[in-house]
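> Dropping the structure in here first, questions after.
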Amino acid sequence: MTEIKNRCVVTGLGMISAIGNNVEECFNNAKRSVSGIEEKTSVDTKDCYAKLGAEVKKFDLDSIEGTKDMDRVSKFAIKAAREAMADSGLKDFANDSRVSVIMGSCVGGAVSIAHYHENNRDKSDIAKMPISRIANDVAEVFHCGGVITNVANACAAGTISISYACDLIRSGKADIVLAGGTDSFASVPYAGFLALHALDANPCSPFNHCTGITLGEGSGVVVVESYEHAKARGAKMYCEVLGAGVSSDAHHITAPREDGEGQMNAINWAITSSGVKKDEIGYINAHGTGTAKNDNAEFLSLHTIFDGSNNDLSVSSTKAMVGHCLGAAGAIEAVFSIKCLTSNVVLPTLRYTAEDIENLKVKAGNIDFVYNEAKEKKLETVMSNSFAFGGNNASIIFSKNEGSVVVKNNTNKIAVTGLGIVSPLGNGKDNYVNNVNSFTPETTSIQSHVERADYDEFGLGMTFRKHDNLSKLQVVSGMNALKDGNYQITDENATKIGIVVGTCEGALGTCLNFQENITLKGNANGSAFNFPNTVYNAAGGYLSICSGIKGYNVTITNGSQSGLASVAYGMDILRKSTEEAVLATGTDENIEIINEIYSKEGKIADKVNEPYANGNGYTLSDGSVSILLEDDKKAAERGAKVYAHVLGYGMAHHSVDFTTLEGSNEALVVAINDALKDANVKASDINCVFGFANGDKKIDNEETVALAKVFNNLDKMPIVNVKKHIGEARSAAASLAFAHASLMLSGELASSDAYLVGKNVTKCTVNSKDLNKVLVVAYGYGGSYTAVVLEK
């Protein structure tokens, strides 16, 4: 194992919130204790007990250039990103594959979701709905060509996005990343938190009254850049991004652990990875939502970690001014933290009376909890915390100093040691193999099924009814992967394994159904039972709870390629030794409302189209596939079976309209070549490609054109395609292609039907004994691609 030291710096800041339309206005108002919490005007508050919110009211979002056909959530992101780029001295990136975009969000295009139901299900709203759209919109406006994805970890999304940006830079995959978070005020989150009785009827006052949150909206974006790149272009540098910690509670889908274990893991891991001492941290921008459970757990965590180790620690929550901005919260608070650091100012938490202050003194102890008015303080290093539904926790550290960040570069091979498959061909690896071997076109199925018996197998039967369909798919595939890999979760290893969920639509179906109910019955009548499942990371949260996994937990979403992108993300986690194992998954569902929106978009064919057959449209399906990735040395130590080794990955993007793929194939060429380089192999070393064609010629052609550029003669390069068996399962299909390749490399699948797509399309058979190195590729609408190389 070697060590690398690639410094990450912040060179640009952007923000819009209820207290300002840019960074300086927001920060100056925060220093003056200005609150943006007022009576809501953007959603219906009839019969609702809480009517307050922190809305952006003094900026015309429609005036933002290039955002005409975008949801409000993307407009916020473009506004903040454009300010951050100008601040950093950057302009158009000309599709540079070294420039990435990572955006966090909780509810995505929720305004468009509301419009869809309010406007007779008008199809013009559909493409604006998914979280997937956001980073694509940013990439399209500024022509970014690298890793383009969205982190969908609810209220921790913005912080994890910045952390992932640093990971990409330190792993050599990017020079510049536009990272941040964005969310807009909308009916789904408002009605949902109302249903949970989590909103405060009065303006929130975190760590004080603890009677509920006040929702906000906006966006924060930072330009994260490698120090070397920033220095070479003479960029201004605000600060260093040192380390971060990401963890999972494995406890409850909406409530934090009362003992603060998961929060403390994230905070401690951030400190350890930063190479700083506890007493070097001068200020923490706390998650501080205003709910009793969240605030009590965080205060306990801070006291447990810092009491006796740091006698000069200041803490505050800026949500009292800008509200809880959900997926944007971590990014907005990161910008505030950086401005505090560079200005030597600590921002306050508002609404403390004289009596409140006396109570605070008892609760705060040695912690300097800053209330009502900002204070000047010499700062060198600061921290920002974000905690979320699903039991997700994230902490990140910024500093004026270089720090002692040392990133481990684990050169051990990455082994595939477990496969969990839920697909239209059956649940479990063995069922899948048997049904592939006996497959005929007449047996094509487009629906996966998870029954109570699937949960009972793992002793989870009592939780079956609590989970939505997407989560059921995810839980069963994840538990099956652990079982197949004979990986037992214990107290000792629970924090040494992580989860990366890749999804195309995530919880969009549940969001649409939730919105339909409140459109009919009013915002005061949302379902407290269904609302927790409207966040995209609910499926990963339930898997964590059911399995006991407490390590890294992230949900990423950027189209169908997200299932394969989860493998790439998992590789980065293992390469820097954050974890010893990772469950990388791809999960998407095909419930009625999802089928409806794909049909309205004209994507669904009236018959099953075979890949490469020049058809129009495809057959929509669903499923979940979980892949257990493991440090090869650790796998050997426990005597694990190894299906294959993962050698390298590449990701690239070429912006086209979000509803299509046409004209983006050059990005697939870049992704493949980057994967080959990362794996240290040549194109001539590849024996077979596991492709993404789905029967729609507009998609199939982009794949074949790119493959022809890489491999020259496609008459001799077999392409295996799992979608001929299961249809277009989006992220699940991308992960299944990887799993299918692993099964062939291991010999558990002795052969597979394949295509040769040279001058003419012909069929052939590929034998596993003839395979040594293979390539798996996946796509996402809007022009995103992932490529991964595997070896026998």
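> Say whether the condition of being part of a strand (DSSP E or B) and over 23 Å from the mean Cα position of the chain (by Cα) is met by at least one residue in region 248-263.
no
> Scanning region 485-527 for residues that are touching a helix residue (DSSP H, G or I) at 6+ places or on another chain (Cβ under 9 Å) and without any contact (Cβ under 8 Å) to a residue 40 or more places away in the chain, which turns out nearest to residue 458 (Cα to Cα)?
Ranking the qualifying residues of region 485-527, first place goes to 488.
> Tell me, yes or no, whether region 242-250 has at least one residue that is within 19 Å of residue 393 (Cα to Cα) and in contact with an Asp or Glu (Cβ under 8 Å, 6 or more places away or on another chain).
yes
> Can you say whether residue 215 is surrounded by 24 or more Cβ atoms within 10 Å (Cβ to Cβ) and in contact with a Phe, Trp or Tyr (Cβ under 8 Å, 6 or more places away or on another chain), as far as the supplied structure shows?
yes
> Go through region 552-588 and give me each residue that's assigned to a helix (DSSP H, G or I) and either on the phi > 0 side of the Ramachandran plot or out of contact with any Phe, Trp or Tyr (no Cβ under 7 Å at 6 or more places or on another chain) (or both).
Answer for region 552-588, where residues must be assigned to a helix (DSSP H, G or I) and either on the phi > 0 side of the Ramachandran plot or out of contact with any Phe, Trp or Tyr (no Cβ under 7 Å at 6 or more places or on another chain) (or both): 562, 563, 565, 566, 569, 570, 572, 574, 575.
> For region 260-279, does any single residue satisfy the condition of being over 26 Å from residue 408 (Cβ atoms) and either open to solvent by less than 10 Å² (accessible area, probe 1.4 Å) or not polar (S, T, N, Q) (or both)?
Checking region 260-279: at least one residue is over 26 Å from residue 408 (Cβ atoms) and either open to solvent by less than 10 Å² (accessible area, probe 1.4 Å) or not polar (S, T, N, Q) (or both).
> A further question on this structure: Tally up the residues in region 660-686 that are part of a loop (DSSP other than H, G, I, E, B), open to solvent by less than 50 Å² (accessible area, probe 1.4 Å) and in contact with a helix residue (DSSP H, G or I) (Cβ under 7 Å, 6 or more places away or on another chain), please.
3
> Next question, about the same structure. Identify the residue in region 690-720 that is within 15 Å of residue 761 (Cα to Cα) and of a type in the set (A, V, I, L, M, F, W, C) and, among all such residues, is surrounded by the most Cβ atoms within 10 Å (Cβ to Cβ).
Step by step, filter region 690-720, then rank; the result is 693.
> I need the full set of residues from region 594-614 which are open to solvent by 10 Å² or more (accessible area, probe 1.4 Å) and touching a residue at least 24 places away in the same chain (Cβ under 8 Å), in order please.
595, 596, 600, 601, 603, 605, 608, 609, 610, 612, 613, 614
> Do we find that residue 293 is of a type in the set (Lys, Arg), on the phi < 0 side of the Ramachandran plot and touching a residue at least 40 places away in the same chain (Cβ under 8 Å) in this structure?
So residue 293 fails the test.
> Could you grab me the full set of residues in region 255-296 that are hydroxyl-bearing (Ser, Thr, Tyr) and closer than 12 Å to residue 397 by Cα?
272, 273, 274, 283
> Here's something else I'd like to know. With the requirement that a residue be at pLDDT below 95 and out of contact with any Gly (no Cβ under 6 Å at 6 or more places or on another chain), what does region 392-412 give you?
401, 402, 406, 407, 408, 409, 410, 411, 412
> Just the residues that are assigned to a loop (DSSP other than H, G, I, E, B), touching a helix residue (DSSP H, G or I) at 6+ places or on another chain (Cβ under 9 Å), open to solvent by 30 Å² or more (accessible area, probe 1.4 Å) and farther than 13 Å from residue 322 by Cα, please, taken from region 23-55.
Listed by number, the residues that qualify are 42, 44, 46, 47, 49.
> If you don't mind, another one. So how many residues does region 511-530 have that are crowded, with 24+ Cβ neighbours inside 10 Å and over 18 Å from residue 125 (Cβ atoms)?
Residues meeting the conditions: 1.
> Would you say residue 445 is over 19 Å from residue 641 (Cβ atoms), among the small types (Gly, Ala, Ser) and at pLDDT below 95?
Against the criterion (over 19 Å from residue 641 (Cβ atoms), among the small types (Gly, Ala, Ser) and at pLDDT below 95), residue 445 qualifies.
> State which residue pairs qualify: first residue touching a residue at least 12 places away in the same chain (Cβ under 8 Å) and inside region 24-47, second residue open to solvent by less than 90 Å² (accessible area, probe 1.4 Å) and among the acidic types (Asp, Glu) in any location, beta carbons under 8 Å apart, and separation of 6 or more residues or different chains.
That search, which allows pairs on different chains as well, returns 36/55; 38/55; 40/55; 41/55; 42/55.
> Now for a separate question. Can you pull out every residue in region 79-91 that is more than 18 Å from residue 16 (Cβ to Cβ), modelled with pLDDT of 95 or more and open to solvent by 40 Å² or more (accessible area, probe 1.4 Å)?
The one that is more than 18 Å from residue 16 (Cβ to Cβ), modelled with pLDDT of 95 or more and open to solvent by 40 Å² or more (accessible area, probe 1.4 Å): 89.
> Sort through 422, 433, 416 and tell me the only one that's assigned to a helix (DSSP H, G or I), more than 30 Å from residue 289 (Cα to Cα) and touching a helix residue (DSSP H, G or I) at 6+ places or on another chain (Cβ under 9 Å).
Just one listed residue meets the conditions, 433.
The values are calculated or read from the model by the stated rules, or taken from the named source; none is laboratory data. Everything quoted here is computed from the prediction, not taken from an experiment. When we count neighbours, we look across all protein chains shown, and the Cβ atoms used for this are built from the backbone with ideal geometry, even at glycine. Ligands, DNA and RNA are excluded from the accessible area calculation, which covers all protein heavy atoms including side chains. Shrake-Rupley method; radii C 1.70, N 1.55, O 1.52, S 1.80 Å.
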